[in-house]
Amino acid sequence: MSDVFTKTDEVDNRPKKGVVVIYSFLVATLNFIAVVFGYQFFVGVISYLLGYETHFYFGRIVSQPFMDEYWSNNRVIVMYAIPPLAFLSAAVFLLSRLLPKKTAINRIEFYLFWLIVFLVFFVTTQMTTAPISLYYRDSQLYQGLPVLIYWFRLPILSSVVLFCLALAINLLAGYFIYPLLLKLAHTEYCSEDRPWKGKVVRLYFVYPLLLVLIVAIILGYMYSLAYFLVMLLSSFLWGFGMWLKDIHMYRYEGISTNRLSIEIGYKLPVLVCVLVILIRIFLAK
């Protein structure tokens with residue numbers, strides 16, 4: 001009888017698929033907002049401390065005056081090299097701390113997973129769009145690392161190198177983060193006797209990103225929309241990296257450890273809705 005009650009408790013603790021997708025979407029949206037806002041805030045503070053007239057928007061920072069005589073090599077490096085490299089380093093550090101973890105994923109690490117995703121997405125988008133953004137320097141695509149190519153008058157081939165490097169980083173990110181993604185799944189979704197990994201990738205990664213796309217359209221229209229779309233398109237390379245990890249005879253151990261209860265409640269949806277509305281009204285310009 002006690003075995004029956006134990007089994008029932010385990011089944012009751014299993015989150016429904018819709019709950020998993022919505023919860024992952026809400027967490028992903030929070031981290032999407034945090035990374036975009038955090039990056040622009042970081043650059044904006046640097047711009048202000050360097051004495052520029054700084055205009056802050058959700059998807060961009062405008063630092064005036066634009067004339068070359070008000071800029072120098074050191075100022076360009078500080079503003080346009082340090083922030084993206086710091087964000088990318090943060091993603092590598094967090095991933096290196098979470099991957100060796102053998103125990104079940106807790107709620108904080110659920111958030112950190114999505115933080116890593118968007119840290120990499122945001123920085124590599126600067127690199128992916130470099131060949132185009134150098135020709136459209138008035139667009140929102142032109143930010144971060146491509147500015148260095150223009151300022152230092154590097155050959156146009158440098159933008160192609162950045163593009164290829166971005167593809168490689170996204171591919172490797174998907175390859176290495178795959179075990180962490182599987183750890184997010186509740187044990188009831190995991191079974192070695194059926195193809196469960198694809199379901200986990202869809203529920204915890206693919207479907208939430210499709211919903212984040214809606215938020216990106218709302219917040220990015222019109223000026224930052226192209227940048228946000230390229231960010232989310234990076235997920236295709238992540239998926240390919242995950243597929244490569246899986247076909248290399250990767251066997252996930254410890255699938256029966258995660259019984260994290262997922263409850264949406266009302267606070268998280270309200271917080272996300274309020275943030276989206278406030279950003280759309282005041283900062284998405």
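The values are calculated or read from the model by the stated rules, or taken from the named source; none is laboratory data. Computed from a prediction, not measured in an experiment: that's the story for all the values here. Quick reminder, even Gly has a Cβ in these numbers, built from the backbone with ideal geometry, and neighbours come from all protein chains shown.
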For Tyr136, all conditions in the list (1) farther than 30 Å from Lys183 by Cα; (2) modelled with pLDDT under 95; (3) buried (at least 17 other Cβ atoms within 10 Å of the Cβ); (4) over 16 Å from the mean Cα position of the chain (by Cα) hold save one; what is the number of the exception?
(3)
Note: among Phe42, Phe37, just one is out of contact with any helix residue (DSSP H, G or I) (no Cβ under 7 Å at 6 or more places or on another chain), farther than 14 Å from Val147 by Cβ, of a type outside the set (D, E, K, R) and modelled with pLDDT of 95 or more, namely Phe37
Regarding Arg60, is this residue more than 29 Å from Tyr221 (Cβ to Cβ), of a type outside the set (A, V, I, L, M, F, W, C) and crowded, with 16+ Cβ neighbours inside 10 Å?
no
Condition first: without any contact (Cβ under 8 Å) to a residue 12 or more places away in the chain and assigned to a helix (DSSP H, G or I). Now tell me which residues in the stretch 218-242 satisfy that.
Leu225, Leu233, Phe236
Could you please give the count of residues in the stretch 90-132 that are assigned to a helix (DSSP H, G or I), under 25 Å from Leu268 (Cα atoms), touching a helix residue (DSSP H, G or I) at 6+ places or on another chain (Cβ under 8 Å) and β-branched (Val, Ile, Thr)?
3
Kindly provide the set of residues from the stretch 238-285 that are exposed (fewer than 11 other Cβ atoms within 10 Å of the Cβ), charged (D, E, K, R) and modelled with pLDDT under 85, ordered by number.
Arg251, Glu253, Glu263
Among the residues in the stretch 123-130, are any within 14 Å of Ala173 (Cα to Cα), crowded, with 24+ Cβ neighbours inside 10 Å and not hydroxyl-bearing (Ser, Thr, Tyr)?
yes
Among what's in the stretch 19-74 and is part of a loop (DSSP other than H, G, I, E, B), in contact (Cβ under 8 Å) with a residue 24 or more places away in the chain and not aromatic (Phe, Trp, Tyr), pick the residue that is nearest to Val200 (Cα to Cα).
Gly59
